Amino acid sequence: MQSFVKSDIRILSAYFQVQVINQPWSNKKLAPLNFITQFFDMLFSISGSKFILVNFGGYWAFWATIFGKVFSKKVYIVTHGTDCASIPEINYGSLRISLLKRICNFSYRRATAIFPVSESLIETELLFDPGVTSKKQGLFHHFPGLKTPIEVIYNGLDENQWTFPTDKNRIENSFLAVMSASQFTLKGGDLILEIAKEYPSCSFYFAGVQSSEIIFERAPNVHFLGFLSAEQLKSWYQKSEFYFQLSSFEGFGCALCESMLCGAIPIGSGTNHIPMIVGDSGFIIANKSLEVAIPIIDKALNAPNKDLLSINSRLHIQANYSLRGREQKLIESLERFTGESYTN
């Protein structure tokens, strides 16, 4: 269960008694069993419920919309990225799978409302990665004529968890990226390795990846940190000068926001919502190529106002993507659709 899903549970728990239904859907062999188990879990929980909120469109949204219709319950689906995309060139997107796309289509059209975490999940054109030929993505592209109300509610980050360092002991000319091995190409790990070869005096760190999991050739200045706890990750955010988010597709970018709250200067790809998150606090690489990246990296390394960029990174996330902001927007939207008041 991702951190942003847990955040939603904490938000809702302040206003409601929350019944969490969660199965191990990542294990494909258990999908039929999960489908049956979820049916009975929802059957025994639905009668006293005010509404159903589903995180991610997928198989698990099917029974939610069925029970919502049968028992006259409002159903809201929060979409995060893969549930709005089909990009076979980089092996990404739930909508590549025919049955899963049909389930999402069924659920999205019958939901009370859809709450994507960024505008780019409604409609976008991917121009960063030249290897991506499926340029048009988003709900409107994959589900033409979708009439379900859509309200964008940005993810919210906890500024008390991801804190600015009290000292200034950042590793000079250091770059950090967070991804899993399966996300390496999707999140631009291949381009970062190319960049590292051009800057031997800089240090490049990958969190979430073991060296043995990567088949690409890497330079001596590239370091793989493996899996990190939240506290360890925060420590690396706080001591890294720059943070890379060079995704070919990114529904939002929570790790990018976390790093910025900790004062890392962002370097992002020109795709989806990433330029909006970076704002004026960092740098954008418009095209996934070394030729385009090098001038941007030079500009970042030679920036005369790094301290100011670092401070502005945190301020930008606090102002636009706070946990309190998500709470307010989510509760306001639920109140409007249900016609009830949940705040005192």
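Remark: relative contact order (the chain) = 14 percent; criterion is Cα-Cα distance under 8 angstrom and separation of 6 or more residues. Quote the relative contact order of segment 1-70 in percent (integer), defining contacts as alpha-carbon pairs under 8 Å separated by 6+ residues. Result for segment 1-70 is 25 percent. Rounded to the nearest 10 degrees, the inclination of helix 98-110 to the longest alpha-carbon principal axis of the chain is 60 degrees. Just going by the charge dipole of the chain, with Lys and Arg at +1 and Asp and Glu at -1 on Cβ, which of Tyr92, Pro130, Leu225 is farthest out on the positive end? Ranked along the dipole, the leading option is Tyr92. Binning the C-alpha pair distances of segment 133-249 at 5 Å intervals from 0 yields a P(r) profile of 2, 10, 16, 18, 16, 12, 10, 8, 5, 2, 1 %, listed from the shortest bin outward.
Rolling a 1.4 angstrom probe over the protein heavy atoms with all chains in place gives segment 292-344 an accessible area of 55 Å² per residue.
Relative to the first principal axis of the alpha-carbon coordinates of the chain, what is the inclination of helix 3-13, with its axis defined by its Cα atoms, in degrees from 0 to 90 and to the nearest 10? With both axes taken from Cα atoms, the answer is about 40 degrees. Which values of log₁₀ I(q)/I(0), to two decimal places, follow from the Debye formula for the chain at q = 0.06, 0.10, 0.14 Å⁻¹ with a uniform point scatterer at every Cα? Calculated log10 I(q)/I(0) at the listed q: -0.23, -0.63, -1.17. Seen from every direction in turn and averaged, the convex hull around the alpha carbons of segment 225-344 projects onto 9.7 nm².
Ranked by the mean number of other Cβ atoms within 10 Å per residue, highest first, peptides 299-306, 330-337, 216-223 order as 330-337, 216-223, 299-306.
When only alpha carbons of segment 93-144 are considered, Rg and Dmax amount to 12.0, 37 Å. Derived from the Cα gyration tensor, the three semi-axes of the equivalent ellipsoid of segment 1-141 are 28, 17, 14 Å, largest first.
Antiparallel beta bridges, as assigned by DSSP with both residues in the chain, represent about 10 percent of the total such bridges. Which lysines have a Cα lying under 28 Å from the Cα of Lys197, excluding residues fewer than 8 positions away in the same chain? Of all the lysines, those that pass the test against Lys197 - Cα under 28 Å, at least 8 places apart if same chain - are Lys168, Lys187, Lys234, Lys239, Lys288, Lys299, Lys306. When only the Cβ of Lys, Arg, Asp and Glu is charged (+1, +1, -1, -1), the dipole of the chain relative to its Cα centre reaches about 1180 debye. Separation of segment 151-187 from segment 80-146 is 25 Å, based on Cα centroids. Indicate the gyration tensor shape class of segment 117-169 (rounded, prolate or oblate), computed on the Cα atoms with a ≥ b ≥ c the square roots of the eigenvalues: a/c under 1.5 is rounded; otherwise a/b larger than b/c is prolate and the rest oblate. Note, shape of segment 117-169 comes out oblate.
Which angle between 0 and 90 degrees, to the nearest 10, do you get for helix 230-239 versus the longest principal axis of the chain when only C-alpha atoms count? Between helix and principal axis, roughly 40 degrees. Only Lys, Arg, Asp and Glu carry charge here, each on its Cβ (+1 for the first two, -1 for the last two); on that basis segment 249-314 has a dipole of about 40 debye about its Cα centre. In percent, rounded to a whole number, the relative contact order of segment 167-253 is 41, using alpha-carbon pairs under 8 Å and six or more apart. Summed over the residues of segment 146-250 and divided among them, the accessible surface reaches 46 Å² per residue at a probe radius of 1.4 Å. Apolar share of the accessible surface for segment 1-142: 56 percent from carbon plus sulfur atoms, 1.4 Å probe. Please work out the C-alpha center-to-center distance from segment 222-298 to segment 2-55 and express it in whole Å. Distance between centres, Cα-based: 31 Å.
The values are calculated or read from the model by the stated rules, or taken from the named source; none is laboratory data. Just so it is clear, the model here is predicted, and its values are computed rather than measured. Glycine gets a Cβ as well: all are built from the backbone with ideal geometry, and neighbour counts include every protein chain shown. Keep in mind that these areas ignore ligands, DNA and RNA; they rest on the heavy atoms of the full protein, side chains included. Shrake-Rupley method; radii C 1.70, N 1.55, O 1.52, S 1.80 Å.
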